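Encoded as structure tokens, the structure appears first; notes follow it.
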Amino acid sequence: MRVLVTNDDGILAPGLPILAAKLKQVAEVYVIAPESQQSAVSHSITLHKPLRMTEVNLGPDITAFTCSGTPVDCVVLSTRGDLPDFDFVVSGINAGANLGEAVFYSGTVGAACEGALHDVPGIAISVCAERDVHFEVAADLAPKLVTQLAAHPLPPCTVLNVNLPNVPADKIAGIEITRLGRRKYTEVVNRRDDPGGRPYYWIAGTPTDSDSELGTDINAIQRNCISVTPVHFDLRSDILWEGISGLHDRGAYRIEG
Ligand code: MN
């Protein structure tokens, strides 16, 4: 088994070597990670400038590179031709929650999705804290997840978004398969003045959980459970909206003649 590890917090992310070392117990591990912090870049790729890869030392038996681009660039560059094929992309361990609609912004989830777009199963792993992070529980879980998924493969176009509460192993209350809850952010745009007196803006909201019902990822974390959310690329809603179906029925866009 061969695993590509990346991390949107960059090559110096503390969760990265811990994850790579644990996955080495069950797989051949390659690391390609951005040179710098790339959180919240979602699924962006670099099209208008060249990308560089530099081999770095992340310890014995781990082939590791930095990449001058985004987390998704890292996954794309893993297909550059002289690297082997991968069985999994594991993205993390991110320092910070990726719950609810954070999956749309997350570089951690973006990289896992890029794996799945290349038919390589993707797993995004995040711990719900940015400081004093308990990476060890997530690191222990990672080889179990890839072993389980190797035996029971995910369906196509599906990634696992895994979040862990920031507690030591003996405080973990369980593991739950969840759906995405809703996290809204308040005071998202902060205005300050620079030293020259000109305004600048900093996007940094405070999360408020608007859907943390039982069954959501947010609820699982609130109860110190590990949350595993299968995320599928088919974003189409099955809910019929009368306005849209009505347009179709009336033939509003039929081209005459
Ligand atoms: Mn991050």
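The values are calculated or read from the model by the stated rules, or taken from the named source; none is laboratory data. All figures in this text were calculated on a predicted structure; none of them were measured in a lab. Neighbour counts run over all protein chains shown; Cβ positions are idealised from the backbone, glycine included. We work out accessible area using only protein heavy atoms, side chains counted, and drop any ligands, DNA or RNA first. Shrake-Rupley method; radii C 1.70, N 1.55, O 1.52, S 1.80 Å.
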- Here is a list of conditions, (1) out of contact with any Ser or Thr (no Cβ under 8 Å at 6 or more places or on another chain); (2) at pLDDT 95 or above; (3) not in a loop (DSSP other than H, G, I, E, B), and Val162 meets all of them except one; can you say which number that is? (1)
- Answer yes if at least one residue in region 69-79 is over 16 Å from Phe233 (Cβ atoms), in a helix (DSSP H, G or I) and more than 16 Å from the ligand (Cβ to nearest atom), and no otherwise. yes
- Residues within region 84-101 that are within 15 Å of the ligand (Cβ to nearest atom), farther than 15 Å from Val228 by Cβ and aliphatic (A, V, I, L, M), tallied: 1
- Task: Evaluate region 170-183: report whether one residue or more is open to solvent by 100 Å² or more (accessible area, probe 1.4 Å), within 21 Å of Ser39 (Cα to Cα) and among the charged types (D, E, K, R).
- Result: yes
- Query: Considering region 175-232 alone, what residues qualify as being assigned to a strand (DSSP E or B), in contact (Cβ under 8 Å) with a residue 40 or more places away in the chain and either over 12 Å from Gly100 (Cβ atoms) or in contact with a His (Cβ under 7 Å, 6 or more places away or on another chain) (or both)?
  - Reply: Ile175, Glu176, Ile177, Cys225, Ile226, Val228, Pro230, His232
- Answer with yes or no whether Asn7 is of a type in the set (S, T, N, Q), within 12 Å of the ligand (Cβ to nearest atom) and more than 17 Å from His118 (Cα to Cα). yes
- Message: Here are the criteria: (1) open to solvent by less than 50 Å² (accessible area, probe 1.4 Å); (2) in a loop (DSSP other than H, G, I, E, B); (3) within 16 Å of the ligand (Cβ to nearest atom). Tell me which single one Leu12 does not satisfy.
- Response: (1)
- Query: Is at least one residue of region 102-112 more than 15 Å from the ligand (Cβ to nearest atom) and not in a helix (DSSP H, G or I)?
  - Reply: no
- region 114-130, subset open to solvent by 30 Å² or more (accessible area, probe 1.4 Å) and within 13 Å of the ligand (Cβ to nearest atom), residue farthest from Asn224 (Cα to Cα): Glu130
- So which residues in region 23-48 are farther than 17 Å from Ile123 by Cα, crowded, with 21+ Cβ neighbours inside 10 Å and touching a strand residue (DSSP E or B) at 6+ places or on another chain (Cβ under 8 Å)? Pro34
- Provide a single number: the residues in region 21-56 that are outside any strand (DSSP E or B) and within 16 Å of the ligand (Cβ to nearest atom). 10
- Query: Quick check: is even one residue across region 97-113 under 14 Å from the mean Cα position of the chain (by Cα), open to solvent by less than 10 Å² (accessible area, probe 1.4 Å) and over 25 Å from Thr206 (Cβ atoms)?
  - Reply: yes
- Item | Set Leu58, Leu51: member being open to solvent by 30 Å² or more (accessible area, probe 1.4 Å) and at pLDDT below 95 | Leu58
